[in-house]
Amino acid sequence: MASSPRQPPKPRGWRRFRYQAAQGKGRFPWGWLAVVLLLHLSIGLLLMAFPAPVWIWYLAVGGVVLQAIALAGPKALGRFRWWSANALALVAILGAGLVAVALGVSMGFVGTANLEDVDVQSTAFEVLRVGFLAILVPAMSGIIAAETGDRLLPFSNRWRTSLLLAVICLAGLGLGAAIGLLVVE
C-alpha cells in the first residue's frame, strides 16, 4: 500500500485568501469592496448633510442589513430553489427601497425658509433631481454590493460573506456620517 504525501494544512485568516487565489479561485475583490464602501460613504454623507429626523438612520441601517443578508447576486441566488431565491431578491429590493426612502426623506428637508420665494418650475426640477439621486445611489450600491458578494463567495461561505458586506456597508455609512458632521459644522 502506497502512502500518500501529507497535505499541508490550509492557512487561516487573511493568508487563506492568497492560498485560495493560488488554488484557482481568483483574486480577492478588494476593489469591489472599496467601491461598495465609497457608495455607502456617499449615502451616509447625504443622510448627514441635511437636517433630517433621526429615524431615517434606522431605515438606512435596516435597508443595508437586509441587502447584506439577502446577498442577491446571481451566483448566490443560484444556490437556492426558485421560491427561496425570489424571496431573497425581494428582501434585497426591500433593503434598497428602505435606503432610497431614507435618502428621499433626508433630501426632502432641503429648501427655503421663505415659501414666498419658491418658484414652481425650479422647485419641480429640484424635486426630480433629488428624487433621481435618492433612487440611483441606493440602486447602484445594491447592484454593486450583490456583485461583490458573488465575487466573495469563492473565498468564504454565504454567512461570512454577508457579514463582511454588512460590516463594509455599515462602516461606509458611519464614515459618511462622520464626514457629514465635519462638513456641516
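The values are calculated or read from the model by the stated rules, or taken from the named source; none is laboratory data. All of these numbers come straight from a predicted model, not from anything done at the bench. Neighbour counts are summed over all protein chains in view; Cβ atoms, including those assigned to glycine, are modelled from backbone coordinates with ideal geometry. Just the protein is used for accessible areas: all its heavy atoms, side chains included, with ligands, DNA and RNA removed. Shrake-Rupley method; radii C 1.70, N 1.55, O 1.52, S 1.80 Å.
Do you know which residues across the stretch 61-86 are outside any helix (DSSP H, G or I) and either open to solvent by 30 Å² or more (accessible area, probe 1.4 Å) or hydrophobic (A, V, I, L, M, F, W, C) (or both)?
Of everything in the stretch 61-86, those that are outside any helix (DSSP H, G or I) and either open to solvent by 30 Å² or more (accessible area, probe 1.4 Å) or hydrophobic (A, V, I, L, M, F, W, C) (or both) turn out to be L71, A72, G78, R79, F80, R81.
Can you tell me how many residues within the stretch 24-41 are open to solvent by 40 Å² or more (accessible area, probe 1.4 Å) and either in a helix (DSSP H, G or I) or in contact with a strand residue (DSSP E or B) (Cβ under 8 Å, 6 or more places away or on another chain) (or both)?
9
Here are some conditions: (1) open to solvent by 30 Å² or more (accessible area, probe 1.4 Å); (2) at pLDDT 85 or above. P51 meets all but one. Which one does it not meet?
Only one criterion in (1) open to solvent by 30 Å² or more (accessible area, probe 1.4 Å); (2) at pLDDT 85 or above is unmet by P51, namely (2).
Considering A146, A171, which residue is in a helix (DSSP H, G or I), open to solvent by 10 Å² or more (accessible area, probe 1.4 Å) and modelled with pLDDT under 90?
A146
Of the residues that sit in the stretch 87-112 and are at pLDDT 80 or above and open to solvent by 70 Å² or more (accessible area, probe 1.4 Å), which one is farthest from I43 (Cα to Cα)?
Only one residue fits best here, namely L90.
Does G44 qualify as being modelled with pLDDT of 75 or more and under 27 Å from I135 (Cβ atoms)?
yes
Please find, within the stretch 113-142, the residue that is modelled with the lowest pLDDT out of those that are in a helix (DSSP H, G or I) and among the β-branched types (V, I, T).
My answer is V120.
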